[in-house]
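Below is one structure, written out as structure tokens, with a few remarks after it.
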Amino acid sequence: MLRKYLHKFTCFFLRIVFRFFAYLEIRGANNLLLDNNTKIIASTHASLLDVLIIGAACPIGSNVHPFNYIAASWLGRIPVVGWILHYLGGAVYIKRKKEARDDGESVSMRRVLQICINILEQDKGALVVFPEAGRTNGEEVGQVKRGSAYLSLKTGLPTIPMAIYGQKNTSFFEFLFRKRHYAIVIGSPVNPTINIDNPKDYKEGGNQIRVELEKLFKEAKEIVKQKTAH
């Protein structure tokens, strides 16, 4: 309960920070105000700034608080950052170098997916995943892995897609002096329509989520281009 209210306060604080120090356009935030208390949020990912943008975009009255992030394990070893991710962000860490199974799926990933399912089933808040499995070049949506579709099908919960644009390679100077424009577009819930009994279909479920992400990314990109043109 305490983490939930700390998370709400943090998101409120981030909204103020972005209002004064950056140009952030938020579209579709009402999709985070739906009645369903636990959600899977799938966002494009090009910068560490994405975590802050997602927080700033989340309405205080939303039931998705607190967020639980899937993060690279090396982030947890950074002083202060690791503590914040663990206690405030409910981080679930993935190791970069994994012990692979015969079918190519890592032992680390199996463990992480089960932890994520437990978080969602126990109603511990929303789960934020970056389905491209790493940072992209910020100019296009990368290949979406099957994990996000797997979680949605296993829990019966919809996935809310998000796309962010304008954040790649932002310097502290650019952020502090409002030299950059950012946009985040939040889409409607997506329920992948695939056969849950066939693991090979999870990739198709990931493609369905990718189609939605591409639509939102295109909109976010257009928003930033219009803002910077003025």
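The values are calculated or read from the model by the stated rules, or taken from the named source; none is laboratory data. Worth saying up front: this structure is predicted, and the values here are computed from it rather than measured. FYI the Cβ positions are ideal-geometry reconstructions off the backbone, even for glycines, and counts take in every protein chain you see.
Couple of notes before you dig in:
- Complete set of residues in the range 34-82 that are of a type outside the set (Gly, Ala, Ser), modelled with pLDDT under 80 and touching a strand residue (DSSP E or B) at 6+ places or on another chain (Cβ under 8 Å): 38, 75
- If you go through the range 6-25 and keep only what is farther than 18 Å from residue 183 by Cβ, without any contact (Cβ under 8 Å) to a residue 60 or more places away in the chain and of a type outside the set (A, V, I, L, M, F, W, C), you end up with just 8.
- The range 134-176: number of residues that are touching a residue at least 12 places away in the same chain (Cβ under 8 Å), farther than 30 Å from residue 21 by Cβ and either among the hydrophobic types (A, V, I, L, M, F, W, C) or outside any strand (DSSP E or B) (or both): 15
- Checked against (1) at pLDDT 90 or above; (2) assigned to a helix (DSSP H, G or I); (3) surrounded by 20 or more Cβ atoms within 10 Å (Cβ to Cβ), residue 222 passes all but a single condition, namely (3).
- Note on the range 174-196: residues that are out of contact with any Ser or Thr (no Cβ under 6 Å at 6 or more places or on another chain) and either at pLDDT below 85 or within 15 Å of residue 53 (Cβ to Cβ) (or both) amount to 16.
- Selection count where residues are of a type in the set (Lys, Arg) and touching a His at 6+ places or on another chain (Cβ under 9 Å), scope the range 4-30: 2
- Cross-chain or 6+ apart pairs with Cβ under 8 Å, the range 103-124 first and part of a helix (DSSP H, G or I), then modelled with pLDDT under 80 and of a type in the set (A, V, I, L, M): 107/100; 108/94; 109/94; 112/92; 112/94; 115/92; 116/92; 119/92
- Qualifying residue in the range 117-128 (condition: modelled with pLDDT of 85 or more, over 24 Å from residue 62 (Cα atoms), out of contact with any Ser or Thr (no Cβ under 7 Å at 6 or more places or on another chain) and buried (at least 16 other Cβ atoms within 10 Å of the Cβ)): no
- Count - residues of the range 136-148 that are in contact with a Gly (Cβ under 9 Å, 6 or more places away or on another chain) and either within 27 Å of residue 11 (Cβ to Cβ) or modelled with pLDDT of 85 or more (or both): 7
- Counted residues, the range 4-13 - those being surrounded by 17 or more Cβ atoms within 10 Å (Cβ to Cβ) and charged (D, E, K, R): 1
- So residue 179, is it part of a loop (DSSP other than H, G, I, E, B) and under 22 Å from residue 72 (Cβ atoms): no
- Cβ pairs under 6 Å, 6+ apart, first in the range 62-84 and closer than 15 Å to residue 43 by Cβ and assigned to a strand (DSSP E or B), second modelled with pLDDT of 80 or more and not charged (D, E, K, R): 67/126; 67/128; 68/119; 68/125; 68/127; 69/128; 70/129
- Filtered by the rule that a residue be exposed (fewer than 12 other Cβ atoms within 10 Å of the Cβ) and under 20 Å from the mean Cα position of the chain (by Cα), the range 14-36 gives 30, 35.
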